[in-house]
Amino acid sequence: MKQAAEPGLRPTKLRARHLLVTLLLLLAVVLGAILLGAIDLGAGRVLGEIWAQLTGGVSPLSAQEAAILWEIRVPRVMLGCLVGAALAGAGAAYQGVFANPLADPYLLGAAAGAGLTATVAVVAGADTSGGLVPIVAFAGAIGGVVLTWTLGRAAGRGTMTLLLAGVVISAFLTAVQTFVQQLDTTTISKLYSWMLGGLGSPGWSQILSVLPYIVLAGIVLCCCARLLDVLTLGDEEAAALGIRPGLVRMLVLGAACLATAAAVSMSGLIGFVGIVVPHAIRLLVGASHRILIPLSLLGGAAFLVAADVAARTVLAPAELPLGVVTACVGAPFFLVILRKGARNGRA
């Protein structure tokens with residue numbers, strides 16, 4: 001006779017209803033972001049244009065309106081989906097590897113490395129809206145992680161050693177970045193606008209340049225989700241099951257760092273996405289990485305697109321830095337988590 005599941009038992013596999021609800025949420029947010037803008041295209045007419053593109057029918061939009069939709073709004077929403085998915089998925093992966101719910105995608109020096117190389121490029125005369133800054137920011141993010149990994153491996157092989165190496169490298173690169181900024185104070189305002197994060201007005205070429213990295217990283221993280229669940233039992237138990245803990249951690253961190261570098265190169269530094277989204281999903285459906293990582297990818301996309309809508313509409317026609325919006329959501333979220341943790345501790 002089959003026993004009933006325990007009342008407090010959380011699922012350990014991704015259920016169809018969880019995936020369906022998250023996909024519907026993402027679809028609703030994406031449609032809302034496409035419909036909203038400084039120029040009112042009309043919801044019915046926008047939906048008619050999308051249907052015309054799918055069926056080959058006649059569009060209700062003019063050529064100029066169609067250009068606004070497909071060359072400005074849709075690319076920005078798509079970039080928001082990619083960046084949000086990358087940061088949230090990387091955050092969930094970092095938290096699993098380090099067994100620390102406060103770990104975020106910038107933990108191993110990706111943000112500091114990207115910030116330093118972007119600063120050097122801007123001081124040298126590059127425009128933050130041009131194509132050079134994302135390239136050097138991507139290289140800097142990868143370089144920061146490589147430095148952290150090299151230092152961590154030289155000092156020891158544990159995850160705690162790698163974590164401390166990330167703190168050291170981040171502090172050092174940030175100090176160098178501050179020094180470079182002081183060499184040319186006229187560039188500080190441009191740098192801050194990039195460092196506070198934003199999606200800007202990306203073109204399809206920019207989206208296609210980061211798409212392979214984020215898709216590849218997402219596939220690797222989803223494939224490694226079950227292995228991360230096994231690692232929560234301990235390295236000895238995992239090894240007894242034929243799993244190599246060190247190799248799994250290296251693969252997961254490599255994928256997470258690749259996703260983070262691609263995201264930072266396009267959007268600058270956007271905080272809290274990699275912490276808020278995995279935490280929220282963990283509270284709703286449980287901590288199994290087989291659930292957490294796929295839903296974090298989808299939930300991160302929805303969260304960042306929604307935050308971008310708020311950034312460009314709250315003070316319209318002015319636009320808030322996207323990092324400010326995510327921080328305004330993340331800070332109260334952490335207060336709620338801390339209060340809940342305190343109550344559980346007293347219970």
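Just so you know, all these numbers are worked out from the coordinates, no wet-lab data involved. These figures come from a predicted structure and were not determined experimentally. Please note: Cβ atoms are built from the backbone with ideal geometry, for glycine as well, and neighbour counts cover all protein chains shown.
Figures for the structure shown
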read-out: Neighbour count of at most 15 Cβ within 10 Å plus DSSP loop: longest trypsin sites (Lys or Arg not before Pro)-free window in the chain; value: 158-347
read-out: LEU216-CYS328 FRET efficiency (beta carbon distance; Förster radius 51 Å; 0.05 resolution); value: 0.95
read-out: Gaussian network model of the chain, springs between alpha carbon atoms under 10 Å - residue of LEU87, LEU24, LEU196 with greatest fluctuation; value: LEU24
read-out: Cα gyration tensor category, rounded, prolate or oblate, for the chain with a/c compared to 1.5; value: oblate
read-out: Cβ-based exposure ranking for TRP194, TRP70, in which fewest neighbours within 10 Å come first; value: TRP70, TRP194
read-out: Theoretical FRET efficiency, 1/(1+(r/R0)^6), r = Cβ-Cβ of VAL168 and GLU71, R0 41 Å, to 0.05; value: 0.40
read-out: Over the chain: helical MRE at 222 nm, DSSP H runs n ≥ 4 each giving -39500 (n - 2.57), nearest 500; value: -24500 deg cm²/dmol
read-out: Sorted by Cβ neighbour density within 10 Å, fewest at the top, the residues PHE172, PHE179; value: PHE179, PHE172
read-out: Residue with peak Gaussian network fluctuation, the chain [Cα springs, cutoff 10 Å], from ILE214, ILE68, ILE169; value: ILE68
read-out: Gain on full stretching of the segment that runs from GLU319 to ALA43 - 0.36 nm per residue minus C-alpha separation; value: 97.1 nm
read-out: Global geometry of the stretch 271-318, whether rounded, prolate or oblate, following the gyration tensor of its Cα atoms and the 1.5 cut on a/c; value: prolate
read-out: Additional length obtainable on full extension of the chain from ALA240 to CYS223, 0.36 nm per residue less Cα span; value: 4.1 nm
read-out: Euclidean distance between Cα centres, the stretch 39-115 to the stretch 285-330, Å; value: 11
read-out: Contour excess over end-to-end distance, with Cα ends at LEU24 and SER59 and 0.36 nm allotted per residue; value: 10.0 nm
read-out: Relative contact order of the chain, defined on C-alpha pairs under 8 angstrom at six or more residues apart (%); value: 29
read-out: Residues CYS222, CYS81, CYS257 arranged by fewest to most Cβ contacts within 10 Å; value: CYS222, CYS81, CYS257
read-out: Cβ-derived FRET efficiency at R0 41 Å, LEU183 paired with ILE50, nearest 0.05; value: 0.25
